[in-house]
Each structure stands twice: as structure tokens, then as C-alpha cells.
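Structure first, then comments.
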Amino acid sequence: MSQPHHIPTGQGRIQIQGVSKGFAQPGSSAPQQVLSDVSLSLRHGELVCLLGASGCGKSTLLNLVAGFEQPDSGRLLCDGHPITGPGPERGMVFQQPTLFPWLSVRQNVGFGPRMAGQRAADYAARADEFLRLVGLADFADHQPWQLSGGMRQRAALARAWLPEPEILLMDEPFGALDAQTRLAMQELLTHIWQHKRTTILFVTHDVDEALFLADRVVLLSSRPGRVREELPVPFERPRSFADLVADPRFGALKRDILHVLREEAAKSLQGVAA
């Protein structure tokens, strides 16, 4: 029988406190505000999905947590320590796999430890373990161009997880995949996550994906992005998508989220028209 997924309580592993961020815009001395006074906390082992209209700052927030950007105001903390740049405890999976075409799949997966100065003998067994977990054990010696899009993204997932980061940041990693491959990747992600219990912040535009993956869904307002709502996802794990869509709570929760997203998208379009 499936059991509820219990999230540890206590201080957040990631804490975002009153964060605002703007970027310079051509022809204007005033920056374009992308995020405004965003506060959010991720608990240990939690999988949180960020949803919001295009341009609301989801990817910017992810880049701030990764340490690729710095906020204009507010603070970002990882286990109580300020985030001032990228760190090995935080891994990133991008929209595109960005594999090195001149390296084999195994060499791509082991690239991080290799660059950190580790000997191949120290990480080879773990690389093979992750290749097995993502279903690429038989393709370890292939080149990236010999793989399908879904297989390349699986290789990118294995590469991000191999250094065993404590936090994984994912920016719409399955957005370019077909529906069937996308569902397979979602199932693969939850399978590995339930085994590793990595804290994950996952950006998506897909409501079904968010409800299938997340412990909690965070809805951002239209630009400048603010946290409009935080919704706990009530479905037990492990989850089957077929069972999920048959659950009346799924339809009701999806309807509520879509209502908020439509409201925020309408505000965004009004801003463009103005």
C-alpha cells in the first residue's frame, strides 16, 4: 500500500528572503523589475515546482539560487549560509541537455568529478550506477549525437546527479520532449528522487507535470514575480499518472491552478498592451 510522503520539518535547506531582481533594458536608465520581494523556503528532501506565466521570473529565481546571479535586495541562504556563487552542493539541469559532443555518454556523465580533480577509478562505479538508473547502461560508449532527445536528457540528469548534490535545480528539463517521453522522464525523476531524497526546485509551465512531481506547487504572479500562492499536493507516493487523473482532487486542484495562471497571464498581456 502506498504511504504519504513525509517531509522533515525545521529550518529550510533553501531560504529565499525578500528577494528582488531587475535587469537593464535597452533605451532606459530604469531596470526592468523581474522579481519583487520573493520569499520562499524549501525543506530537506522536498520537491517543489514553480509555476507562473512566461516572463514572471521563474528561471531568474532558479539562477539566483544557483548563484549565477545576485539579487538587488534580499537574501538567499543554503543551510543558513549566504549564497554568493555556484557551489558543489547545488546541481543544475537546463532546458537543453548541453552534452559535450566530443565526449562519450560515460565521459559526459563523469565530467563534473573529472573537472574536480578526481581520478576516474574513484567515480567510475558511481557513473555506471547512474547510467543504469537512467536506462543508459547499454549506451555508455555512444556519442551524444547517437542518442534521442530523451536519452540525451537522461544523460544530463545522470551527470547532474553523479556528484550527489544536496540540491538539484531544474529549469523545464522536459519541456522539449514529446508527451510520451516526457511522462517517462517524470517517472524516472521521481524514482531516483525517492531513492536519493535530494531537495529539488523544478521550474515548469505544465500543471499536470507539477501535480505529478511536486510535494508543493508555488505559483508566481505576473512580472514582477511574487509568490502568489503555495499549494501542498495531497497525493500519496508512489504516484501513477493514470490513478492521479482519475482522482477528483486532481481535477479540482488543476482547475484552481489554471484559474490563477489565467488571471496572471491576463495581467501580463495588459501590461504589454499598456
*Enumeration of residues in segment 221-274 that are of a type in the set (Val, Ile, Thr) and touching a residue at least 60 places away in the same chain (Cβ under 8 Å)*: Val227, Ile257
*Counting just the residues of segment 96-135 that are hydroxyl-bearing (Ser, Thr, Tyr) and at pLDDT below 90, which one comes out nearest to Gln153 (Cα to Cα)?*
Thr98
_Considering only residues that are touching a residue at least 40 places away in the same chain (Cβ under 8 Å) and assigned to a helix (DSSP H, G or I), which ones fall in segment 172-185?_
Leu183
_Selection from segment 206-226 of residues that are within 18 Å of Val245 (Cα to Cα) and in contact with an Asp or Glu (Cβ under 8 Å, 6 or more places away or on another chain)_ = Asp215, Arg216, Val217
*Please go through segment 92-127 and pick out each residue that is without any contact (Cβ under 8 Å) to a residue 12 or more places away in the chain, of a type outside the set (A, V, I, L, M, F, W, C) and over 17 Å from Pro144 (Cα atoms).*
Arg114, Gly117, Gln118, Arg119, Asp122
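The values are calculated or read from the model by the stated rules, or taken from the named source; none is laboratory data. Since we're looking at a predicted model, the values are computed, not measured. Cβ atoms come from the backbone with ideal geometry, glycine included; neighbour counts cover every protein chain shown.
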